[in-house]
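Let me begin by presenting the structure, written as structure tokens, before commenting on it.
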Amino acid sequence: MKKKIVSLLMVAVMTASLVGCGNGGGGGDASSTDNAATTDNSAATTDNSAESTDNSAESTDNSATTTDDSSAEASDVEKPEEITILVDGTVFTQPNAQDKFMAKLEELIGIKINVIQPDHDAYYDNVGQIVASGDLPDVMILSSTYYAGYAAEGVLWDMTDAWENSELKKRQEAHDGAGVVEGVKIDGRLYGMPSTRGNGCVTYVKKTWMDNCGITSAPTNWEEYKAMLDAFMTGDPDGDGVDGNTYAAIASAGFVGTEAPYVNYLPEIYQDAYPSFYKDASGKWVDGFTEDSMKAALERLSDAVASGILDKASLDQGTKDCRNKFYSDDFGVFTYWAGTWATNLKNNLENNGLSGELVALEPIAEVGAYLDRVPPVWCITSTCENPEGVFKYFIETMQDGGDVQFLWSYGVEDVHWSTKAETLYEGQTDDEGKSLEKVYAEGEFHGLDNLETPGTQYTKAHIDPALALVDLANDPSKEGREEENTASATLFAQNSVSAVLVPSTDEMAQYNGDLTTLKNQLIAKVALGELTIEDAYAQYEADGGANWSQMIVDSLNK
């Protein structure tokens with residue numbers, strides 16, 4: 001199902017547009033995705049905890065809402081025999097039984113699936129190389145940062161008409177999910193299908209750190225937030241009896257994100273600053289990197305690193321590195337994904353013998369609102385020989401509300417989840433002797449032990465059920481979703497604004513890759529004290545950044 005792109009011009013333009021758009025250690029996983037990073041909602045993460053419910057006896061009986069094969073076969077759309085997909089870590093990786101997941105998917109949809117899956121944190125470096133080679137897969141996952149550019153360059157198939165005339169649209173409309181799809185249209189056309197809402201990050205603070213430092217209320221502004229961080233650095237937040245924290249108060253995956261919305265892992269540092277393009281109050285496109293608010297953010301960033309409040313290793317560490325440090329009590333404030341990850345963080349802290357109680361902060365006054373990212377999308381490439389068939393039998397079935405969506409949501413029975421009576425972690429205890437056993441009754445849905453990292457449990461597969469665009473029949477998590485999961489998701493929903501999808505222009509495609517690389521290098525050098533803010537902006541001018549930026553802004557405002 002693959003053909004070569006013959007336009008050398010297209011290859012050259014796309015290569016130029018992606019220069020410098022690597023992960024830098026900050027790319028989201030799963031959302032996640034990470035994601036957002038891309039989001040960090042990765043099926044391959046080591047931090048998946050159980051979502052138990054008593055309503056799972058029916059969890060494997062989703063046939064009532066599964067796509068009707070008989071009607072599908074009766075259509076005039078040819079069903080592909082085989083497709084190749086390019087995916088990140090939000091789809092089960094090999095160590096997490098990808099082979100069993102794909103075997104089950106092939107059984108359900110009747111299509112042979114070939115999987116290309118680069119390392120999650122280097123995913124977009126690999127995407128750029130694959131696109132430049134011209135040897136495209138049939139389907140690939142793209143974050144909003146890359147989606148608009150590839151659509152503009154003709155790399156993606158226009159699925160607008162297929163979606164408008166599909167049963168998928170009707171299912172999404174019934175679950176208030178169609179609006180999310182409308183939000184990823186480019187000039188009214190659709191080139192990628194989101195599988196969930198975008199979601200975003202909230203700031204979590206360890207309650208024990210607050211208690212140990214005498215902090216009785218959550219900070220509401222920068223002054224209070226900074227005072228809390230200072231207390232974590234000078235007091236005894238981890239309760240070891242020694243004043244003066246030897247670790248940082250905060251850590252993040254990069255000093256700036258490599259994908260929109262860029263600032264989601266350090267919102268209190270960036271506040272009202274944004275390092276890329278956005279529409280201002282007058283409706284005009286501007287480059288936030290050139291504004292005074294960004295210079296103020298760089299000063300806060302530099303001060304945080306110099307004082308030790310922000311982990312210096314954040315420069316090139318990934319989200320998994322941050323999570324592991326958080327679980328080891330190396331720092332106390334972590335801005336990460338809302339919803340399911342609130343439960344994952346809690347459970348894995350407890351598995352490490354620490355308190356899992358976290359305080360999810362409403363955005364401080366200077367932040368105003370968290371950013372709800374534009375969700376990643378599943379795209380069909382323009383070289384796919386049967387895009388209509390791939391849309392109908394692969395893209396649509398992913399959100400069928402039944403068996404296929406259940407698989408994408410939870411994985412494979414007796415591999416990733418079970419309803420059998422059993423005890424997990426029998427006889428195991430934490431460092432303080434507390435039992436880690438988890439006992440499940442017959443018929444009680446629960447995630448199984450993570451194959452890649454024993455001691456943690458799966459909570460989901462690719463689709464986070466709490467963020468789904470189509471209602472999943474017999475969803476076992478509907479009634480049993482953990483309190484912290486719901487509270488975190490609700491807090492985010494009530495205190496967030498949607499990020500805007502930036503359209504692509506010729507100037508954006510030509511210059512933004514190099515521009516982004518330059519911005520990220522300067523941000524890192526300022527953060528590490530290698531450049532003053534004034535010298536950084538002088539270098540920005542000298543290296544062509546200001547000129548590239550202005551050409552992009554002018555093109556966006558045409």
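The values are calculated or read from the model by the stated rules, or taken from the named source; none is laboratory data. Note that the coordinates shown come from a computational prediction; the quantities given were computed from them, not determined experimentally. Cβ coordinates were reconstructed from backbone atoms using ideal geometry, including for glycine residues, and neighbour counts include every protein chain displayed. Protein only, heavy atoms only, side chains kept; ligands, DNA and RNA dropped before computing areas. Shrake-Rupley method; radii C 1.70, N 1.55, O 1.52, S 1.80 Å.
Go through (1) closer than 22 Å to Val87 by Cα; (2) aliphatic (A, V, I, L, M); (3) open to solvent by 10 Å² or more (accessible area, probe 1.4 Å) for Met193 and report which single condition fails.
Going through the list (1) closer than 22 Å to Val87 by Cα; (2) aliphatic (A, V, I, L, M); (3) open to solvent by 10 Å² or more (accessible area, probe 1.4 Å), Met193 breaks only (3).
Quick check: anything in region 469-482 in contact with a strand residue (DSSP E or B) (Cβ under 7 Å, 6 or more places away or on another chain), in contact (Cβ under 8 Å) with a residue 24 or more places away in the chain and surrounded by fewer than 21 Cβ atoms within 10 Å (Cβ to Cβ)?
Yes, because at least one residue in region 469-482 is in contact with a strand residue (DSSP E or B) (Cβ under 7 Å, 6 or more places away or on another chain), in contact (Cβ under 8 Å) with a residue 24 or more places away in the chain and surrounded by fewer than 21 Cβ atoms within 10 Å (Cβ to Cβ).
Looking at this structure, is Val374 at pLDDT below 90 and over 30 Å from Leu354 (Cβ atoms)?
Judged against the criteria, Val374 is a match.
Out of Ala365, Ala421, I need the residue that is free of Cβ contacts under 8 Å to residues at least 60 places away in the same chain and of a type in the set (Gly, Ala, Ser). Which one?
Every option except Ala421 fails the conditions.
One line per residue, one yes/no per condition, for (1) open to solvent by 40 Å² or more (accessible area, probe 1.4 Å); (2) in contact with a Cys (Cβ under 9 Å, 6 or more places away or on another chain); (3) closer than 30 Å to Ala306 by Cα:
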site: Ala493; (1), (2), (3): yes, no, no
site: Glu507; (1), (2), (3): yes, no, no
site: Leu515; (1), (2), (3): no, no, yes
site: Leu518; (1), (2), (3): no, no, yes
site: Gln521; (1), (2), (3): yes, no, yes
site: Lys525; (1), (2), (3): yes, no, yes
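What is the number of the single condition among (1) of a type outside the set (Val, Ile, Thr); (2) in contact (Cβ under 8 Å) with a residue 24 or more places away in the chain; (3) part of a loop (DSSP other than H, G, I, E, B) that Asn485 does not meet?
So Asn485 meets the others, but not (3).
Between a first residue in region 171-198 that is more than 17 Å from Pro503 (Cβ to Cβ) and a second residue that is among the acidic types (Asp, Glu) and surrounded by 15 or more Cβ atoms within 10 Å (Cβ to Cβ), which pairs have beta carbons less than 6 Å apart while being 6 or more apart in sequence or on different chains?
Every condition considered, the pairs that remain are His175/Asp471; Thr196/Asp464; Gly198/Asp372.
Within region 528-549, does at least one residue satisfy the condition of being under 30 Å from Leu358 (Cα atoms), of a type outside the set (Gly, Ala, Ser) and touching a residue at least 24 places away in the same chain (Cβ under 8 Å)?
yes
What number of residues in region 133-148 are at pLDDT below 95 and part of a helix (DSSP H, G or I)?
5
How many residues are farther than 16 Å from Ala313 by Cα, of a type in the set (Ser, Thr, Tyr) and open to solvent by less than 10 Å² (accessible area, probe 1.4 Å) when one looks only at region 243-262?
So the count comes out to 0.
Hand me the list of helices (runs of 4 or more DSSP H) wholly inside region 178-237 holding 2 or more residues that are under 30 Å from Thr160 (Cβ atoms) and not aliphatic (A, V, I, L, M).
In region 178-237, 178-182 are the helices (runs of 4 or more DSSP H) which contain 2 or more residues that are under 30 Å from Thr160 (Cβ atoms) and not aliphatic (A, V, I, L, M).
Mind telling me which of the residues Gly356, Gly332, Gly339, Gly308 ends up being out of contact with any His (no Cβ under 8 Å at 6 or more places or on another chain), open to solvent by less than 10 Å² (accessible area, probe 1.4 Å) and at positive phi?
Gly339
This table checks each residue for (1) out of contact with any Pro (no Cβ under 7 Å at 6 or more places or on another chain); (2) on the phi > 0 side of the Ramachandran plot; (3) surrounded by 22 or more Cβ atoms within 10 Å (Cβ to Cβ).
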site: Leu371; (1), (2), (3): no, no, yes
site: Pro387; (1), (2), (3): yes, no, yes
site: Ile395; (1), (2), (3): yes, no, yes
site: Gln428; (1), (2), (3): yes, no, no
site: Leu436; (1), (2), (3): yes, no, no
site: Phe445; (1), (2), (3): no, no, yes
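When you go through (1) without any contact (Cβ under 8 Å) to a residue 12 or more places away in the chain; (2) more than 24 Å from Pro219 (Cβ to Cβ); (3) buried (at least 17 other Cβ atoms within 10 Å of the Cβ) one by one for Asp321, which number turns out not to apply?
So the condition that Asp321 fails would be (1).
Please note which strands (runs of 3 or more DSSP E) are completely contained in region 245-360 and include at least 2 residues that are under 21 Å from Leu528 (Cβ atoms) and touching a strand residue (DSSP E or B) at 6+ places or on another chain (Cβ under 8 Å).
In region 245-360, the matching strands (runs of 3 or more DSSP E) lie at 333-337.
Taking region 316-355 only, how many residues are farther than 10 Å from Ser252 by Cα and β-branched (Val, Ile, Thr)?
Qualifying residue count, region 316-355: 2.
Does region 205-227 contain any residue that is buried (at least 22 other Cβ atoms within 10 Å of the Cβ), in contact (Cβ under 8 Å) with a residue 24 or more places away in the chain and closer than 30 Å to Pro503 by Cβ?
No - not one qualifying residue is present in region 205-227.
Return the residues of region 150-169 that are open to solvent by less than 50 Å² (accessible area, probe 1.4 Å) and of a type in the set (Gly, Ala, Ser); say none if nothing qualifies.
Residues satisfying the conditions are Ala151, Gly154, Ala162, Ser166.
Looking at (1) closer than 23 Å to Asn512 by Cα; (2) assigned to a loop (DSSP other than H, G, I, E, B); (3) without any contact (Cβ under 8 Å) to a residue 60 or more places away in the chain, which one does Val242 not meet, given that it meets all the others?
Failed condition: (1).
Can you tell me which of (1) under 30 Å from Val526 (Cα atoms); (2) out of contact with any Ser or Thr (no Cβ under 7 Å at 6 or more places or on another chain); (3) not polar (S, T, N, Q) is the one Asp287 doesn't meet?
Of everything listed in (1) under 30 Å from Val526 (Cα atoms); (2) out of contact with any Ser or Thr (no Cβ under 7 Å at 6 or more places or on another chain); (3) not polar (S, T, N, Q), Asp287 misses just condition (2).
Restricting attention to region 77-98, which residues are β-branched (Val, Ile, Thr) and either under 17 Å from the mean Cα position of the chain (by Cα) or open to solvent by 50 Å² or more (accessible area, probe 1.4 Å) (or both)?
Result: Val87, Thr90, Val91, Thr93.
Condition first: among the hydrophobic types (A, V, I, L, M, F, W, C), part of a loop (DSSP other than H, G, I, E, B) and in contact with a Leu (Cβ under 8 Å, 6 or more places away or on another chain). Now tell me which residues in region 498-530 satisfy that.
Ala499, Val502, Leu528
Within region 531-552, can you find the residues that are part of a loop (DSSP other than H, G, I, E, B) and in contact with a Lys or Arg (Cβ under 9 Å, 6 or more places away or on another chain)?
Leu531, the sole residue that qualifies.
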